[in-house]
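The values are calculated or read from the model by the stated rules, or taken from the named source; none is laboratory data. As the structure is a prediction and not an experimental result, all values here were calculated from the model. Backbone-built Cβ (ideal geometry, glycine too); neighbour counts: all protein chains shown. Surface accessibility is based on the protein's heavy atoms, side chains included, excluding ligands, DNA and RNA. Shrake-Rupley method; radii C 1.70, N 1.55, O 1.52, S 1.80 Å.
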Amino acid sequence: MDKVYITFKIPNKGIEYLKKEFDVHVNPQQKPLSREWFLENGGEYDAFITMLHDPVDREVLDVMKKRVKVIANYAVGFNNIDIEYASRCGITVTNTPDVLTNATAEIAFALMLSVMRRIVEGDRYVREGAFDMWKPELLLGEETAGKTVGILGMGRIGRSFARKCRCFGMNMIYHNRHPLPKEEEVALGVRYAEFSQLIEQSDVISIHLPLTPETRHLFTWETFQKMKRGAFIINTGRGPVICEEDLVKALKKGLIKGAGLDVYEYEPEVHKGLLELPNTVLLPHIGSGSVKARETMSLMVGEAVADVLHGKTPRHKVAGP
Ligand code: DGY
């Protein structure tokens, strides 16, 4: 019987699905497996279901290639896996696109509203017992209507975010490696901008980019200096797209007005400066964290593993022979 290892407990759907025909093992601990664990055990299974914190690099793949046929990453992003080397090792890699698009775009939108309308600050104020009377100038925020939102990355999640912004009366510009076809731009109500234009013109920037060598530290002190004074930044893509040290400096100096983050440069560590500032809203990487999305992702990784172990091509293959 083929052996499958799931590196962190996921919703049951996919586990039950796999248990019908495979010998399924789930990491019993509520913490990530160490690199040493992978080096020691990586070659003992036919399939892995991995999380975005699992370091599947060359060395690990060299161990895995003895037996592993498929790695199904429980995420749409797969920067934790050296996919080019996985292909060379003959290992198929899959991800979980589409099913988490709306959930992640919702979190980006929630962060934008929270930071612009100071929702978390207000909640804290009430809980601390500070709410003693209605005041004309208490916790004044910025409205989204009429503001220009710059959407960085126009994949599925960026487009879903754009649809939400449109309902709130925002002007939308976007930057993407490849501009969208004109009809799609018109349907979404978005206008293409060069990266430098987007930086200079946006009242709020929302990042929907994968982590690649080109996107790492796209936002540094230099970038923040070019942003509109009083702009906001939202990141639900990958943390290292922003240099956190520089972000903290930009927030402290008032170059930008606030930040809403779901992802961090050194996740799960969060820069101390971000924790101390009142104008940041910080979430623990829950972009895809809806019941619907996470259950569907579970079934999706289960199906991907089964497909490969049955000799079929899985639906969401990102690498492999
Ligand atoms: C992903 O799937 O890549 C997300 O970051 C998880 O929320």
Query - Net charge dipole size for the stretch 101-282 [Lys, Arg +1 and Asp, Glu -1 on Cβ; Debye, nearest 20] - result: 360
Query raised in the report: Under the Karplus relation 6.51 cos²θ - 1.76 cosθ + 1.60, θ = phi - 60°, what is the ordered set of whole-Hz ³J(HN,Hα) values for the stretch 93-109, x standing for Gly and Pro?
Result: 10, 10, 10, 10, x, 6, 5, 10, 4, 5, 4, 6, 5, 4, 5, 4, 5
Requested in this report: Whenever you get a sec, compute what percent of the accessible area on the chain sits on carbon and sulfur atoms (1.4 Å probe).
Outcome: 52
Query raised in the report: Once the mean 1/r over all distinct Cα pairs of the stretch 93-154 is inverted, what Kirkwood radius in angstroms do you read off?
Result: 14.5
Query raised in the report: Given H placed on each backbone N at 1.01 Å, which residues far from Lys147 in sequence or on other chains put an amide H within less than 5 Å of it?
Result: Asn171
Requested in this report: Can you tell me the order of 257-264, 54-61, 141-148 when each peptide is scored by its average per-residue count of other Cβ atoms within 10 angstrom, highest first?
Outcome: 257-264, 54-61, 141-148
Query raised in the report: Based on the alpha-carbon gyration tensor of the stretch 234-284, what equivalent-ellipsoid semi-axes (square roots of 5 times the eigenvalues) come out, in whole Å, largest first?
Result: 16, 11, 10
Requested in this report: Only Cα pairs under 8 Å and at least 6 apart count here; give the relative contact order of the chain as a rounded whole percent.
Outcome: 21
Requested in this report: Using the Karplus curve 6.51 cos²θ - 1.76 cosθ + 1.60 with θ = phi - 60°, work out ³J(HN,Hα) for each residue of the stretch 189-200 in order, rounded to whole Hz, and write x for Gly and Pro.
Outcome: x, 10, 10, 6, 9, 5, 4, 5, 5, 4, 4, 6
**Report entry** Normalised contact order of the stretch 101-282, rounded percent, pairs of Cα under 8 Å and 6 or more residues apart
**Finding:** 21
Query raised in the report: Reachable lysines from Lys272, Cα under 28 Å, same-chain residues fewer than 8 places away excluded?
Result: Lys31, Lys226, Lys228, Lys249, Lys252, Lys253, Lys257
Query raised in the report: Using mean Cβ contacts within 10 Å as the protection proxy, how do 180-192, 220-232, 77-89 order, highest first?
Result: 77-89, 220-232, 180-192
Query raised in the report: Tell me which aspartates and glutamates have Cα within less than 14 Å of Lys65's Cα, excluding those fewer than 8 residues away on the same chain?
Result: Glu40, Glu44, Asp46, Asp57, Asp82, Glu84
Query raised in the report: Check Gly260: other-chain or 5+ apart residues with amide H under 5 Å from its amide H, H built from backbone geometry?
Result: Ile233, Ile234, Asn235, Val281
Report task. Let me know the volume per residue of the alpha-carbon convex hull for the chain, in Å³. Result -> 150
Requested in this report: Give the long-range amide H neighbours of Val26: residues separated by 5 or more places, or on another chain, with amide H under 5 Å away, using H modelled in the peptide plane at 1.01 Å from N.
Outcome: Ile6
Query raised in the report: Averaged per residue, what accessible area in Å² does the chain show with a 1.4 Å probe, protein chains only?
Result: 49
Query raised in the report: What is the helix-to-structure angle for 156-167, meaning the angle in degrees between its Cα long axis and the longest Cα principal axis of the chain, kept from 0 to 90 and rounded to the nearest 10?
Result: 30
Query raised in the report: Per-residue HN-Hα couplings for the stretch 45-59, Karplus 6.51 cos²θ - 1.76 cosθ + 1.60 at θ = phi - 60°, whole Hz, x for Gly and Pro?
Result: 10, 8, 8, 10, 10, 10, 10, 5, 9, 7, x, 9, 9, 4, 5
